[in-house]
Amino acid sequence: MWVSDGWEEYELLDATGGMRLERWGGYILSRPDPQVIWKTPPASEKWNSADAAYTRDTSGGGNWSRHSLPERWKVSYKNMTFYVKPMNFKHTGLFPEQAANWDAAAELMEKFGKGLRLLNLFAYTGAATVAAAKAGAVATHVDSAKGMVEWAKDNAATNGIAARFLVDDCVKFVRREIRRESKYDAIIMDPPSFGRGPGGEIWKLEDNLYDFLVLCSRLLSQDAAFVFINAYTTGLAPAALAYLLQTVFAPNWGGRSEAHELGLPVAGSGLILPCGATGRWIRC
């Protein structure tokens, strides 16, 4: 497991009974987590003093009960700063377990040299874009949701980095880039388990990921450095991601592939909370 244990302004205080209790800077949030299937006694006294709690409703959605909480605020990780904002479907705009991948990308930038052309697909609010650009990458950020891209631009601005930001369907964007004969040295992607394209096209990770990776491989330069894939809500095992990466990229570029779960340490219990699988192909 790759554990994101370098945080100071984020802390997973406790996790029990299907919920996680977190400190985001100066604010404490409580929200559901399907991985928390145990019902151990609470290990933190702060459950009843959370600044906001997310409660599911009978329709499958839910809402936040807010107290003294601003609309959004900033949290920092090492040399980066990001905006946090409680949203629908329990999200906050930042996945703290991804810090392990931010660190790995920065280390690879040092290994392969600054100026790498990096493509971040399904790029959400841009934490990985910021991390790569901070380390010297020339980054292109693509997401189909305009609001998320605007949020990513705010994150970039607060970190003083430049990148190319595009609102686009990622599959269609990749196909157009192939026709343009564009090339990238590294790719990061966080594809959804299920989604629909602008024309009603159905995306299902288990059915479409292999073909999409093959498409993406046509964008990689001769000196390709790395490819990262995140898989949050699917049942794909890390070993399956590693094999998938090795199958697609090793025949042309060599290198090695590995995959593990990402994890967050739980302060109250000493456990490590699993937070989805991630795979990395790296050219040695």
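The values are calculated or read from the model by the stated rules, or taken from the named source; none is laboratory data. Everything quoted here is computed from the prediction, not taken from an experiment. Neighbour counts run over all protein chains shown; Cβ positions are idealised from the backbone, glycine included.
Here are the numbers for this structure:
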| item | result |
| --- | --- |
| Residue list for the range 63-105, filter: at positive phi and without any contact (Cβ under 8 Å) to a residue 40 or more places away in the chain | Phe89 |
| Set Gly254, Gly270, Gly235: member being over 26 Å from Ser30 (Cα atoms) and out of contact with any Asp or Glu (no Cβ under 7 Å at 6 or more places or on another chain) | Gly254 |
| Residue check for Ala156: in contact with a His (Cβ under 9 Å, 6 or more places away or on another chain), farther than 18 Å from Tyr232 by Cβ and either assigned by TED's automatic domain parsing to the domain that holds Arg20 or surrounded by fewer than 24 Cβ atoms within 10 Å (Cβ to Cβ) (or both) | yes |
| Extreme residue, surrounded by the fewest Cβ atoms within 10 Å (Cβ to Cβ), among residues of the range 161-194 that are over 15 Å from Val149 (Cα atoms) and aliphatic (A, V, I, L, M) | Ile178 |
| Scope the range 30-58; condition outside any strand (DSSP E or B), surrounded by 18 or more Cβ atoms within 10 Å (Cβ to Cβ) and among the hydroxyl-bearing types (Ser, Thr, Tyr); matching residues | Ser44 |
| Residue in the range 198-218 that is within 23 Å of Asn88 (Cα to Cα), polar (S, T, N, Q) and touching a helix residue (DSSP H, G or I) at 6+ places or on another chain (Cβ under 6 Å) present | no |
| Where a residue in the range 29-45 is over 21 Å from Asn63 (Cα atoms) and its partner, wherever it lies, is part of a loop (DSSP other than H, G, I, E, B) and among the hydrophobic types (A, V, I, L, M, F, W, C), with Cβ under 9 Å and at least six apart | Trp38/Leu271; Ala43/Ala267; Ser44/Ala267 |
| Tally, over the range 95-107, of residues that are hydrophobic (A, V, I, L, M, F, W, C) and either buried (at least 22 other Cβ atoms within 10 Å of the Cβ) or closer than 18 Å to Ile161 by Cα (or both) | 4 |
| Those residues of the range 136-147 which are surrounded by fewer than 19 Cβ atoms within 10 Å (Cβ to Cβ) and under 16 Å from the mean Cα position of the chain (by Cα), in sequence order | Ala145 |
| Any chance Val266 is in the same structural domain as Ala139 (by TED's automatic domain parsing) and in contact with a Phe, Trp or Tyr (Cβ under 8 Å, 6 or more places away or on another chain) | no |
| Flag if Trp38 is outside the structural domain of Pro274 (by TED's automatic domain parsing), hydrophobic (A, V, I, L, M, F, W, C), in contact with a Ser or Thr (Cβ under 8 Å, 6 or more places away or on another chain) and more than 30 Å from Ala156 (Cβ to Cβ) | yes |
| Residues that are in a helix (DSSP H, G or I) and in contact (Cβ under 8 Å) with a residue 12 or more places away in the chain, drawn from the range 155-185 | Asn155, Ala156, Thr158, Asn159, Cys170, Val171, Lys172, Phe173, Val174, Arg175, Glu177, Ile178 |
| Residues within the range 234-268 that are out of contact with any Pro (no Cβ under 8 Å at 6 or more places or on another chain) and either surrounded by fewer than 19 Cβ atoms within 10 Å (Cβ to Cβ) or in a strand (DSSP E or B) (or both), tallied | 19 |
| Any hit, the range 27-41, residues being modelled with pLDDT of 95 or more, of a type in the set (Ser, Thr, Tyr) and under 30 Å from Ala186 (Cβ atoms) | no |
| Residue match in the range 114-122 (condition: surrounded by 14 or more Cβ atoms within 10 Å (Cβ to Cβ), touching a His at 6+ places or on another chain (Cβ under 7 Å) and in the same structural domain as Glu261 (by TED's automatic domain parsing)) | yes |
